[in-house]
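What follows is a set of notes on a single structure, which appears directly below.
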Amino acid sequence: MHFLARCSYDGADYAGFAKSPPKNTVQETIEQTLIRLFEDQYPCQSIKGGSRTDKGVHAFDQCFTFQAPYQIGTEKLKAILNRHLPGSIRINSIAGIDDQYNLHQQITSKTYLYIIYHEKVISPFLSRYVWHETRFFSENHWNALLELLQGEKDFRLFAKEAYRYESTICNLEQARAWSVPNMPATILCFKGNRFLYNMVRRMIGFSHMMLQKKAPLPSTYQELTSKYASWMTLRAPANGLYLYQTQTKTPV
C-alpha cells in the first residue's frame with residue numbers, strides 16, 4: 001500500500017526534515033515509528049519528503065510518501081501514527097496513492113511564512129518560534145523591496161551551494177509583508193513554484209539589512225542583485241520560518 005501524508009511539526013528540536021545521520025530529523029523519527037509499528041514487515045525504502053526544511057524550521061503542511069506492508073484504512077493508520085509519534089510531529093491527513101505517484105512532479109507551489117516579533121522583552125514560550133528583532137519597519141517599506149523579488153528570476157545569489165542545481169530559476173509568485181494589528185509582529189509570506197536551499201532565509205536577511213541601512217532602492221531586480229550582492233548571503237534565523245502550505249495537482 002502506498003500513501004501520501006501531510007504533517008505538521010515543531011522543528012525546534014530537529015536538524016531539519018530530511019534524514020541526515022546521525023542527526024535527529026523529522027524524517028528519521030517518522031521512519032523509526034513505522035519500523036516499530038510494522039517490525040520486520042516494513043519496506044526498506046525510506047519515506048520521500050516534498051520539502052527539505054532547515055534545522056529549527058517548522059511546518060504546518062509538509063508532504064511525504066511512504067508504504068505500508070499490508071492494507072490498512074487511512075484514518076486508522078493516521079490515528080496509530082499520531083499515537084506513537086512524539087507530540088512535536090502530527091499527521092494531518094493520509095490518502096492512498098498509486099505506486100507510480102511522483103510527489104515532486106505533483107507539487108505546484110509552496111508557501112512559507114516568517115514571523116518577526118518586535119517587543120523589547122520576549123516570552124520564553126515564543127522565543128523558539130519567532131525571530132526576536134526589536135527594530136520595526138512598516139509593511140510599506142517591506143513591500144516596496146519585496147516587490148522587486150517577485151516573478152520568474154534567477155535566485156542563484158540567494159541560494160547556498162547554488163552549483164548543485166541544474167537551474168536556479170524560480171517563479172516567486174508572491175512576496176509580501178503584513179504588520180499584525182494589535183501585536184508587535186510582522187509576517188512575511190513567500191509563495192513560489194520552488195525554493196532553493198536557504199533561499200527564503202537569505203531573502204529575509206538581505207531585505208532586513210536593506211531596510212536597516214536605508215539603502216537606496218533600485219528600479220530592477222538586476223540592479224538590486226548587482227549592487228547589493230554582498231548582503232545576499234545574510235540569513236534570517238531559522239526559528240521564525242514555517243512551511244505553511246504545499247499545493248499539489250491532486251488535492252489529497
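Every read-out reported here was derived from the displayed coordinates using simple, explicitly stated rules and does not represent laboratory data. A quick note: this is a predicted structure, and the numbers were derived from the prediction, not measured. All Cβ positions, even for glycine, are placed from backbone atoms using ideal geometry, and neighbour counts span all protein chains on display.
Things to note:
- Amide hydrogen proximity for ILE122: with H placed 1.01 Å from N in the peptide plane, no residue at 5 or more positions away or on another chain lies under 5 Å.
- The order of the peptides 93-99, 48-54 by mean Cβ neighbours within 10 Å, most packed first, is 48-54, 93-99.
- The calculated FRET efficiency for the pair ASN182 and GLU139, based on their C-beta separation and a Förster distance of 22 Å, comes to about 0.90.
- Charged-residue dipole, Cβ positions (Lys, Arg, Asp, Glu), the stretch 2-101 about Cα centre, Debye nearest 20: 160
- Three-way shape call for the stretch 114-252 based on the alpha-carbon gyration tensor, with the a/c threshold at 1.5: oblate
- Working note: 222 nm ellipticity from helices only, DSSP H runs with n ≥ 4, each -39,500 (n - 2.57), summed and divided by the residues of the chain, gives -6500 deg cm²/dmol to the nearest 500.
- Burial order of peptide ranges 128-137, 231-240, 196-205, 6-15 (average beta-carbon count within 10 Å, highest first): 196-205, 6-15, 231-240, 128-137
- In the chain, a dipole from Cβ-located charges (positive for Lys and Arg, negative for Asp and Glu) runs towards its positive end, and of ILE115, TYR14, THR246 it is ILE115 whose Cα lies farthest in that direction.
- When the Gaussian network model of the chain links Cα atoms closer than 10 Å, the mean-square fluctuations of LEU145, LEU113, LEU224 top out at LEU224.
- With a threshold of 27 Å on the Cα-Cα distance, the over-threshold entries among LYS120/LYS213; LYS23/LYS153; LYS78/LYS160; LYS120/LYS160; LYS23/LYS120 are LYS23/LYS153; LYS78/LYS160; LYS120/LYS160; LYS23/LYS120.
- Cα gyration tensor shape for the stretch 67-132, rounded if a/c is under 1.5, else prolate or oblate: oblate
- Shape of the stretch 130-171, Cα gyration tensor, a/c cut at 1.5: oblate
- Top of ALA175, ALA68, ALA215 by mean-square fluctuation, Gaussian network on the chain, Cα under 10 Å: ALA215
- Cβ-placed point charges (K, R +1; D, E -1), dipole of the stretch 109-247 about Cα centre in debye, nearest 20: 320
- Values [x] 19.4; [y] 17.9; [z] 18.7 are given for comparison; Kirkwood radius over Cα pairs in Å, derived from the coordinates here, is the one labelled [x].
- For the chain, the dipole from Cβ point charges (+1 on Lys and Arg, -1 on Asp and Glu) about the Cα centre works out to 520 debye, to the nearest 20.
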